[in-house]
Amino acid sequence: MFLRDVLATDVEAYLRMRCDPVMMAELGGPLPAAHVARQVCRDAQLAADGTALIKMIVVDDAVAGTVTLWRPAPDDGTAAEIGWMVLPEFQGRGLAKQGVRTLLDQARAEGRGDTVHAFPAVTNDPSNGICRALGFTLRGEENVEFNDQVIRTRHWTLELARPPERPETGLPR
């Protein structure tokens, strides 16, 4: 598994992830294909200019998913947020956790902010498990608007200034 920047040619993978009712069930439902085609071009530009870390998770030359760290503008008052998706045929292999860990390590090495937030739906046990396993701290539950829907989420945070602890030992990994 490795991560690479999203490219404008990743339209098919984006469509498979963001237009599929099952993949988008925890995120308010599928997005319109026209919106997704524009989104991949915008994301490729954001990745190319370094505004966001938008990576494709690649396994054996196939796109397996995506992991993204949105970095706020210095004065806009928003927080850094991470999100991820893995296509069904690649799920259950630990790729999302490995991709999130790799991207967090990259962000930490580049000095990209102090605190990262994650907002998986309360019913998304695998994503909440990733947050727990990677040392995020649960801050509580809250409603978040995404895709013109209000989603009940768990709010997790991770301080990038220090390496995450291994939950089983409390020691740095």
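The values are calculated or read from the model by the stated rules, or taken from the named source; none is laboratory data. Everything numeric here is computed off the predicted structure, so don't read it as measured data. Methodologically, a virtual Cβ is constructed for each residue, glycine included, from the backbone with ideal geometry; neighbour enumeration extends over all protein chains shown.
The figures follow:
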quantity: Odd one out for Ala33, checked against (1) farther than 24 Å from Arg101 by Cβ; (2) crowded, with 16+ Cβ neighbours inside 10 Å; calculated: (2)
quantity: Candidates Leu31, Leu27 - the one that is within 13 Å of the chain's Cα centre (by Cα) and touching a residue at least 40 places away in the same chain (Cβ under 8 Å); calculated: Leu27
quantity: In region 6-26, the residues that are under 14 Å from Ala64 (Cβ atoms) and part of a helix (DSSP H, G or I); calculated: Glu12, Ala13, Tyr14, Arg16, Met17
quantity: Options Thr102, Thr78; residue that is β-branched (Val, Ile, Thr), modelled with pLDDT of 85 or more and surrounded by fewer than 19 Cβ atoms within 10 Å (Cβ to Cβ); calculated: Thr102
quantity: Residues of region 1-35 satisfying the condition of being under 18 Å from Thr123 (Cα atoms), of a type outside the set (A, V, I, L, M) and in contact with a strand residue (DSSP E or B) (Cβ under 8 Å, 6 or more places away or on another chain); calculated: Glu26, Gly28, Gly29
quantity: Identity of the residue in region 135-156, closer than 12 Å to Val116 by Cβ and touching a residue at least 24 places away in the same chain (Cβ under 8 Å), that ends up surrounded by the most Cβ atoms within 10 Å (Cβ to Cβ); calculated: Phe136
quantity: Residue satisfying all of: in region 90-99; under 12 Å from Val67 (Cα atoms) and either touching a His at 6+ places or on another chain (Cβ under 8 Å) or not polar (S, T, N, Q) (or both); surrounded by the most Cβ atoms within 10 Å (Cβ to Cβ) among these; calculated: Gly99
quantity: Residue match in region 110-127 (condition: part of a helix (DSSP H, G or I), surrounded by fewer than 19 Cβ atoms within 10 Å (Cβ to Cβ) and small (Gly, Ala, Ser)); calculated: no
